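Taking it in order: structure first as structure tokens, then the write-up.
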Amino acid sequence: MALTTLKVKHAGPGRHADVHGLYLLVRDSGARSWVLRMQHAGRRRDFGLGPAQDVPLADARILAANLRKAVRAGEEPVSRRRAGHRSAPTFEKVTRDCYDAMKGGWKDQRHVSWISSFERHVFPLIGTRAVTAIDSAAVLTVLEPIWLTVPDTAKRVLQRIGTVLDFAHIKGFVPEEVSLRSVTRGLPRQTHQVTHRA
């Protein structure tokens, strides 16, 4: 069944189908984005069409239709995206854009700790790198100094970096989703849980 504007607003976490391969992707954080799934060059691929708060349902359907039409005409959407990555923004710039896009949906003060955790632990180490250069090794660089000393914060930072990289993919800055599942394999086991207050 096709989505409605009301369903887009209230859908829970997961992937929700619309029509002709268009999906609404809802993250656990509440972030909502559009993804077009289709066959391209013999492979099933997902193409991000932008966050739902910026792209209404009707516009998402138009974007999806235009992209399907372009692919049928022989255009190479991945190459076009990668050409734009030559001037990819920094990780800090994308993080702040992601923060601005999400904070309006937060009813509590999470937004304060969300951005301050980046300013304290992330930006000094990798903030000036292009977002396309952020991979598991870069994230490991961030986590190593805090993994055992402030384990709760380290786990939140890892989750938040993943959210930013998802946002970067949705915006078209990185061509593929970046998986951080293997990052913790390069870190020692957290045996002593310490909770620090600001």
Does Val19 count as more than 17 Å from Gly172 (Cα to Cα) and touching a residue at least 24 places away in the same chain (Cβ under 8 Å)?
yes
Kindly list the number of the only condition in (1) modelled with pLDDT under 90; (2) out of contact with any Gly (no Cβ under 8 Å at 6 or more places or on another chain); (3) under 16 Å from Thr163 (Cα atoms) that fails for Met102.
(2)
Quick check, is Ala83 at pLDDT 75 or above and either more than 16 Å from the chain's Cα centre (by Cα) or in a strand (DSSP E or B) (or both)?
no
Grab the helices (runs of 4 or more DSSP H) fully contained in the stretch 120-183, keeping just those with 2 or more residues being over 14 Å from Asp97 (Cβ atoms) and β-branched (Val, Ile, Thr).
136-143, 151-170
Go through (1) open to solvent by less than 50 Å² (accessible area, probe 1.4 Å); (2) more than 30 Å from Thr128 (Cβ to Cβ); (3) in a strand (DSSP E or B); (4) at pLDDT 85 or above for Arg37 and report which single condition fails.
(1)
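So, of the residues in the stretch 4-34 that are in a loop (DSSP other than H, G, I, E, B) and either out of contact with any strand residue (DSSP E or B) (no Cβ under 9 Å at 6 or more places or on another chain) or outside the structural domain of Leu63 (by the TED database) (or both), which turns out to be surrounded by the most Cβ atoms within 10 Å (Cβ to Cβ)?
So in the stretch 4-34, the residues in a loop (DSSP other than H, G, I, E, B) come out as 4, 11-13, 18-21, 27-31.
Right, trim to either out of contact with any strand residue (DSSP E or B) (no Cβ under 9 Å at 6 or more places or on another chain) or outside the structural domain of Leu63 (by the TED database) (or both) and you get 4, 19, 28-30.
Numbers: Thr4: 11, Val19: 11, Asp28: 10, Ser29: 18, Gly30: 11.
Within the stretch 4-34, the match that is surrounded by the most Cβ atoms within 10 Å (Cβ to Cβ) is Ser29.
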Matching residues in the stretch 167-181 - criterion: being closer than 19 Å to Leu140 by Cα and open to solvent by 30 Å² or more (accessible area, probe 1.4 Å):
Glu177, Val178, Ser179, Arg181
Inside the stretch 40-53, the number of residues satisfying the requirement of being modelled with pLDDT under 80 and farther than 18 Å from Val174 by Cβ is 3
Candidate set: the stretch 126-150, residues that are open to solvent by less than 70 Å² (accessible area, probe 1.4 Å) and closer than 11 Å to Val94 by Cβ; chosen: the one modelled with the lowest pLDDT:
Thr132
Residue pairs meeting the criteria (Cβ under 6 Å; at least 6 apart or on separate chains; first within 20 Å of Glu176 (Cα to Cα), in the stretch 122-150; second of a type in the set (Val, Ile, Thr) and in a helix (DSSP H, G or I)):
Val131/Val94; Ser136/Val183; Ala138/Ile126; Val139/Ile161; Val139/Val183; Leu140/Val183
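The values are calculated or read from the model by the stated rules, or taken from the named source; none is laboratory data. Because the structure is predicted, anything quoted here is derived from the model rather than measured. Every residue, glycine among them, receives a Cβ derived from its backbone with ideal geometry; neighbour counts consider all protein chains shown. Ligands, DNA and RNA are stripped out before the accessible areas are found, and what is left, the full protein with its side chains, is counted by its heavy atoms. Shrake-Rupley method; radii C 1.70, N 1.55, O 1.52, S 1.80 Å.
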